[in-house]
Amino acid sequence: MNIDQCSISSTTSTLVENSNPVPTSSKKKRKHREVVKEEVAYEQDEIRREIPPHLTRLQSTPLSSVYNAAITVNQISSLETDQGEEEVYPILSALKRRRRKQSKEGKDRLEEGDQSKAVLIPQTDIPYSINGETSSSLSSSPGARKIHQDGSEVEPIIINDPMISSSSPNETERYTTPNGTLLTFQNAGTYLTHWTQSIGQQKLLVEYKNILTEDYQPPMIPSKTALKRKIYSDSERREGEITPEKEEKGKVDVGPPIGSLRECEITLPMIGVIRSTKPLPNGGWRNKQLAKQSASFQSIKELHQRGLLDDSLRPIPEPKAKSIPTNNQDPSTLSSGAVHEKKSLKETQMTSKSKSCQNWDLQKRLIHSRLPPSPSENNLTPTGQLGIGNYPYVSTPSFWSSCPQLAPNVIHATTLQLLSISSPTLSLADNPAQREETCRTMCLLTSKPLPVSSQELVLNFGNQAEIKAKMKITNHGKMKSWEQGKLDHVLKFTEKLLRAQMQKPFKGNLKDLKWLIVPLKLDHQSKASDSKKLQRRDISWEEISSIAKGPLFTPFNLADPDILHKQCQDGVITTPAEFAKRNYIKSVRTDLKPSSSHPLLPDKTILATINPLSSLDYPDQPILEVESVLSPKYGGHVIGTIFPSRSEKSYHIPELVKLHSIPASVFRTTSILPQFFNELDSLLIATQMNNDLFDRLLDPKLALQAITTSSSNYDIESHYERLEFIGDTILKLIVTIHSYVNDTEMGKNLEQSFQDRHVTTSNRSLQDNAIKVGLTRYIRSKRFKAKDWLPKDWAVDWNENGAPGGNSSITKISSDTIEGEHDLGDKVLADVLEALIGASYLASRDLDEVLSVAHVLGIPIKGLQKWSDLSYALPPPTTTQSTKEANYMNFFKSKENTILGYEFKDESKINQVLSLDMTVPGRKMTFDRYRMLGNAILDYLVVEYLFDNYPEEGPAPLTFMKASRCTEGVRSALSVELGLVDLLRDSDDQTRVQIAKIRKATKAAKTKADALNSENDINEVVASEWWLDVAVTHTTSDPLEALIGAITHDASFDLSPIRIIFSKHISPFLERYCSPPRKQSSHPKDEMIRYLASKGCSHYSVERVFHDDSEEAIVNIHDKEISRASVVSGMGVIAIKKACEIALNLLKAVNSNGIGLEGMCTCPGRKIDIVKKSGI
């Protein structure tokens, strides 16, 4: 039966909200029927909006048939308008309520398979009775068969659409893979995180956009907070306290417009931008969370359709290289596909790949065959996700469990001093006087000295890496024995302080606790006492005794104004309850009284805004001007300082509030205790790792940075990415030198040395070493949340007073060493290992310590224990013997064995570097070894220079700057600039002509760039990287690296001569002409790739074609050539640049003829700008 043939009564098929009985009188019955018809029309309009547009046959089908299939088509069409209404009406109402219940419980899920397969809508199980015909519950099984009373089979409703949206925002779409894995809004984010980590990324680029509806109108009534802010600003402006500059500086971003919607965009590498769907008529979602869930859902769906995820939505590893038939294999034995593959390979080799590229592909396959398997594939660390492994995790340092019980005669003191608070818009470095008035210096008491030296801890707050505070910790050693009972008072003080700050009923026992905290006196000079032991008299015993023995809050003394002012100094007010809101007292306003106009609400008096239940005993008492206290879970005093608007300003009558026993200065410092103890525990774990694995070779602070991932700490100064940047280069240096020394002695060929080096430094090998050493236990990968912090060994009992309904169980976290589990990406393990190598170098810039750490980490550099061992590893250079006549004539002759200020001990090395005659046996191998060694040393010097001179730049800008300074073009330009090409010898005529052309073009390009730069500010480089327009050959670029390697060998691996040459000749050139810090590469090829990725196009290629006397670069989009550039032989880099520039302009062009990416791309995931096309 076809749905189009259905004749459905509008009265009986509708589902209405109310199930009231139908009126019995005919007049009322007709009126009631008219009301029902109006509801029918409204209901069917909603049906049409819910059904997908391409399902035109269902536009007239009612909601009960399409979504519930509770009443089949034959049965509904048999109903008559005038009969059975009393029975049908309540049943249809019940069906609608049942449908909503199913939607809420998630029981109406639809299975999605192939688009060509039909999907059966699940049926409800509600019984019905129509015209006396009673049916049992309809089965929800897709294969259930129903028979009419006359024996005919009921045809279920079939829809050829794999997905039907429900009404719930979080259940808008579902996607089911062939094996039954269900993708929803709730689990899409988890799948996307696993895929991101599997490709070696830490996080994806996520952007949000605000969408205003067409009928959007700004809200007429401002919020209460905005109204108070406006009134307060107006009052200050009238008083002249706010200047225009102050007003402009104090503007705060209030967020998106009220009533606007959200759209989310997620950029997937090599795929492009994936946008969230637009479920509402005006587009967008009601909040960022739903928009991000939608974008994540669409991203996983796109990845699965592209074949990057399997049917279980797990990342698919890259396929192994297929074996290609050899040339001597009989073509008749090959399939048609194999013959085509062989032919395509031959054409590619002849047109777009040089011999070196083919060798490199072979090298990669050989290297890959020698690598250990991915750690995530190891049976010992299963997670079910490729690229992610599960490993043990140390959550609590062993220091606390090793501490004995606190006793009066065994107390070690460590002072805590809040030094500064900083953000991009604010930097407060308090001077001593101001700091002691606002934030009190506290003292941490332990039974064992902290195994960390006096230093400054950087505390990060929230999800913004820019907001941080510095707290100085100073060890003062063991204190003298305390008097009996003092420790009990300190215990009571610490307990009340934790209860007040964390708003939880903490209880402590001296037998279990490992630390206590006390305030020092307000006039204590911390700087003066850094070098001496802390005295017992420095502790504020009077305040401790008052808080421990006295009540938690007391009333104000309003009879004596002097006592009132004294109470308000460094005071905090609260309501008469332990866990209540508190406020810092800013000032006592004697110019105000309860009957005065409220400063924020001039139309009301202060007393009227509070509206007390009883009259005041002191009607003329002064008013307290206060600001709210931010609890530790919201960032405490630090966030309140950075964002003053979060500390709400208010006015209180002293008689109606209480004075808290804990001073405001103590409140401010201890409001960041969760962040402090988290950072202290992390530092103790890093110290524990340093002691257990590295025999204290590392600096604890750098070690902590090396094991902290960017996902757990966004601050660039606190996670490992910068250390990994320099550690990767240093690892390459020591492995290259070890390979150079050993392979030279053994006579191993260069290709084998190359493979050995890559196997040693590959991420797979480093990951395997990290697991074997046990680094995974110490890596800090979890994001800290202050609201979840609980101090160790302190119990929380919400039912301490026997309150009904409370939880009788006591929450308590032990200080014993606890090992949990955490998931880590494979690349994270390799990055942490490289970061530890970088940390070992930065502590003292001593390569001997680097070698010791490398041995601990399992780097195979056998026999290389100290850097000085290299001077004995190879035979010493042969010193050239000069005659007396030669010595006499040296005064008049230039030294031919001196290059760039370095005098070679062995002159034969000069000829091996500068001679272009590679027919001499062994010369090419020696030259290539020098070049391999020089490449590693040059990279090391460049990276060290960038690391030291750009301390605030992240890994992306540093990587781009390194890439712009370590190219063949830079080395060729340096060879011309330093005169190295003029020293080349033993070349043929063709090579000499080529060198002369490159020399001339290089000097011309440099002259042009200098002229452009001279017209602008001397500190601003306009024409940078001018060598990109100059031809490059190995003849002019390789000698510089070979010269650096030869000098290093001649100097017995002493790096001092090379450092002098680099600082005097190379670094000034690089700093003058290379690119400054930037986030992205500006090369046309990189820009084209980014543009294609943003549009979702992945079917493109850039080919390089070699001819006898010329080279060509071809850009293809979907196997169609769109641009071509031809240059003379040796200038292929310029050809690629020109071809990509032309292609990028064509791709961005959009006109009526369809030219541009829209007319070329057919990728299923393409993101075409339909707004411009439709003219909206």
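The values are calculated or read from the model by the stated rules, or taken from the named source; none is laboratory data. Given the structure is predicted, the values throughout are model-derived calculations rather than measurements. Don't worry about glycine lacking a Cβ; one is built from the backbone with ideal geometry, like all the others, and counts go over all protein chains shown. Each accessible area value is taken on the protein alone, full model and side chains, heavy atoms only, with ligands, DNA and RNA left out. Shrake-Rupley method; radii C 1.70, N 1.55, O 1.52, S 1.80 Å.
Key figures for this structure:
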quantity: Sites Ala1011 and Glu1071, calculated FRET efficiency, Cβ-Cβ separation with R0 25 Å, nearest 0.05; calculated: 0.80
quantity: Whether segment 622-671 is rounded, prolate or oblate, judged on the alpha carbon gyration tensor where a/c under 1.5 counts as rounded; calculated: oblate
quantity: Label point distance in nm, Tyr872-His855, each placed 7 Å from Cα along Cα→Cβ; calculated: 1.4 nm
quantity: Spacing of the two label points (7 Å from each Cα toward its C-beta) at Glu1087 and Met270, in nm; calculated: 2.4 nm
quantity: Karplus 3J(HN,Hα) series, Hz, for segment 1024-1030 with 6.51 cos²θ - 1.76 cosθ + 1.60 (x for Gly, Pro); calculated: 9, 6, 5, 6, 5, 9, 10
quantity: Rounded FRET efficiency, nearest 0.05, which uses the C-beta distance separating Arg1078 from Ser844 and R0 of 35 Å; calculated: 0.65
quantity: Distance (nanometres) between label positions extended 7 Å along Cα→Cβ at Thr959 and Ser546; calculated: 5.8 nm
quantity: Segment 933-1063 - Rg over Rh from alpha carbon coordinates, Kirkwood radius; calculated: 1.00
quantity: Extension reserve of the Leu601-Asp620 stretch, reckoned as 0.36 nm per residue once the Cα distance is removed; calculated: 4.9 nm
quantity: Near-label residues of segment 1091-1124 by backbone N, under 13 Å of a point 7 Å along Cα→Cβ of Asn1145; calculated: 1123-1124
quantity: Total formal charge among the other residues, if their Cβ is under 14 angstrom from that of Ile573, Lys/Arg +1 and Asp/Glu -1; calculated: +1
quantity: Under 5 Å, built H, 5+ apart or other chain: amide partners of Leu616; calculated: none
quantity: Cα-centre dipole for segment 617-699 with unit charges at Cβ (Lys and Arg positive, Asp and Glu negative), debye to 20; calculated: 100 debye
quantity: Exposure of Asp948 as accessible area (Å², to 10), given a probe of 1.4 Å and all protein chains; calculated: 70 Å²
quantity: For Leu616, net neighbour charge (Lys/Arg +1, Asp/Glu -1) across residues whose Cβ lies under 11 Å away; calculated: -2
quantity: Overall dimensions of segment 569-690 as given by Cα atoms, namely Rg and Dmax in Å; calculated: 18.5, 66
quantity: Mean accessible surface per residue for segment 936-1087, computed with a 1.4 Å probe while every protein chain stays in place, in Å²; calculated: 45 Å²
quantity: Amide H contacts of Leu419 (H built 1.01 Å from N, under 5 Å, at least 5 apart or other chain); calculated: Lys470, Met471, Lys472
quantity: Segment 1040-1120: trypsin sites (Lys or Arg not before Pro) falling in loop per DSSP and having at most 13 other Cβ within 10 Å; calculated: Arg1078, Lys1079
quantity: Calculated from backbone phi, Karplus (6.51, -1.76, 1.60) coupling profile of segment 956-968 in Hz, x at Gly/Pro; calculated: 5, x, 5, 5, 5, 5, 5, 4, 6, 9, 10, 9, 5
quantity: Segment 1016-1136, accessible surface, carbon-and-sulfur percent (1.4 angstrom probe); calculated: 50 percent
quantity: Gain upon complete extension [Ser587, Ser645; 0.36 nm per residue less C-alpha separation]; calculated: 19.1 nm
quantity: Translational diffusion coefficient (Stokes-Einstein; Kirkwood radius from C-alpha pairs) of segment 1049-1133 at 4 °C, 1.567 mPa s, in µm²/s; calculated: 77 µm²/s
quantity: Stretchable slack from Glu456 to Ala407, in nm (0.36 nm times residue separation minus alpha-carbon distance); calculated: 14.8 nm
quantity: Leading residue at positive end of dipole, segment 538-674 (Cβ point charges), from Val588, Thr670, Leu564; calculated: Thr670
quantity: Segment 667-723 - Debye-derived log10 I(q)/I(0), Cα point model, q = 0.13, 0.22, 0.26 Å⁻¹; calculated: -0.37, -0.85, -1.01
quantity: Protein accessible area in segment 454-587, 1.4 Å probe - carbon and sulfur %; calculated: 48 percent
quantity: Charge tally in the Cβ shell below 15 Å around Ser398, where Lys, Arg are +1 and Asp, Glu are -1, Ser398 excluded; calculated: -1
quantity: Over 20 Å between alpha carbons, listed pairs Lys521/Lys633; Lys566/Lys586; Lys504/Lys787; Lys448/Lys533; Lys924/Lys1064; Lys549/Lys649; calculated: Lys521/Lys633; Lys924/Lys1064; Lys549/Lys649
